[in-house]
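Heads up: the structure comes next, in structure tokens.
Every number in this text was worked out from the coordinates using simple rules, so none of it is lab data. Nothing here was measured: the structure is a model prediction, and the numbers come from that model. Cβ coordinates were reconstructed from backbone atoms using ideal geometry, including for glycine residues, and neighbour counts include every protein chain displayed.
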Amino acid sequence: MDFEFRINGSFTPETIPMSRLAEYMLRLSDLFKNDDKVHFSSISTGSVRLKARVELDASEKVRGRLYSLKSGQASKSLSRTFNIIDAMLAEDAASGELTEVSTDDRSTSAEIINFPGVKPYEQVLLGPFVDEGSLEGQLIQIGGRDDSVPTFLEQTDGEILNCDATRDMARQLGPHLFGSVLRVYGVGHWLRTESGQWRLEKRKGRKFTITKFEPLQEQSLVTDIQNLQSVKGSGWSKLQDPNSELRRLRAADEVL
């Protein structure tokens, strides 16, 4: 069984940095799992197309993992891997797709997973502006050899935020890995969309740099929401996800 991961809209095999290619291959390995049964096959010319071959005895297990993403039945860890790959593509101003390729007829393929990457964002009216701000999310990964340490936060809606931190800040963040939700402060490149919302620009080299942080007390968040819901006519009692809305408003307030 063969699979092909295609990156659309940014790199070619001649221009993609080797370190970035290695990052994509590592994430694809997390997507497939069954490491000893999945092998890198080739990289094709044109757009970046990474081909992987799965041994026969692992094919159904790998296919089951991938199709669980397509059907919306994936585990939290698998969904997180998808979101990280999608965030990488958005950062590279690209989108992607994973297809299953027939080993009998190479002209036949079927898309399993679509990675929107940079595509789903609203039209940008203003920006980018370099400014201080804050983000909230659970620390799900931290590490790297450079002075600027890659740091990943997962928001309540599943979006992955790719940040940077100094080595000293990374050491302080380390004990909070997979812990409570953090509010991180720092500097980023901000865009204002047509709906009036502020969001981070995610192009390559424009990460949010964390300068300080604080753990959020979930109990205080619940109390804040209960207080808001008790106000007659406020509309908070009708929200499906008041946690995300409150965090969004807090983040917007920090930017403004």
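Under the Karplus relation 6.51 cos²θ - 1.76 cosθ + 1.60, θ = phi - 60°, what is the ordered set of whole-Hz ³J(HN,Hα) values for the stretch 60-73, x standing for Gly and Pro?
5, 5, 5, 4, x, 4, 5, 6, 5, 5, 5, 8, x, 10
Once fully extended, how much extra length lies between Ser77 and Tyr185, figured as 0.36 nm per residue of separation less the alpha-carbon to alpha-carbon distance?
Details: separation 108, 0.36 × 108 = 38.88 nm, distance 2.62 nm.
Taking Ser77 through Tyr185 to full extension adds about 36.3 nm, to one decimal.
Between Ser148 and Leu56, take the C-beta separation as r, use R0 = 41 Å, and let me know the FRET efficiency to the nearest 0.05. The partial results should precede the final answer.
Working: r = 43 Å, r/R0 = 1.04.
With R0 = 41 Å, the Cβ-Cβ based efficiency is 0.45.
Using a Debye calculation, one point per C-alpha and no hydration shell, please list log10 I(q)/I(0) for the stretch 1-108 at q = 0.10, 0.13 Å⁻¹ in order.
The Debye formula, applied to the Cα set alone, gives -0.27, -0.47.
Would you grab the residues whose amide H sits under 5 Å from the one on Leu182? Only those 5+ places off in sequence or on another chain, please, with H modelled 1.01 Å from N.
The answer is Gly137, Gln138, Leu139, Leu216.
Using only the alpha-carbon atoms of the stretch 121-191 as identical scatterers, what base-10 log of I(q)/I(0) does the Debye formula give at q = 0.13, 0.18 Å⁻¹?
-0.41, -0.74
What is the distance, in nm, between label points placed 7 Å from the Cα along the Cα-to-Cβ direction at Glu159 and at Leu239?
1.5 nm
For Ala93 and Ser68 in the same chain, what is the full-extension length gain: residue separation times 0.36 nm, less their Cα-Cα distance, in nm? List each step's numbers first, then the result.
Details: separation 25, 0.36 × 25 = 9.00 nm, distance 2.64 nm.
In short, 6.4 nm is gained.
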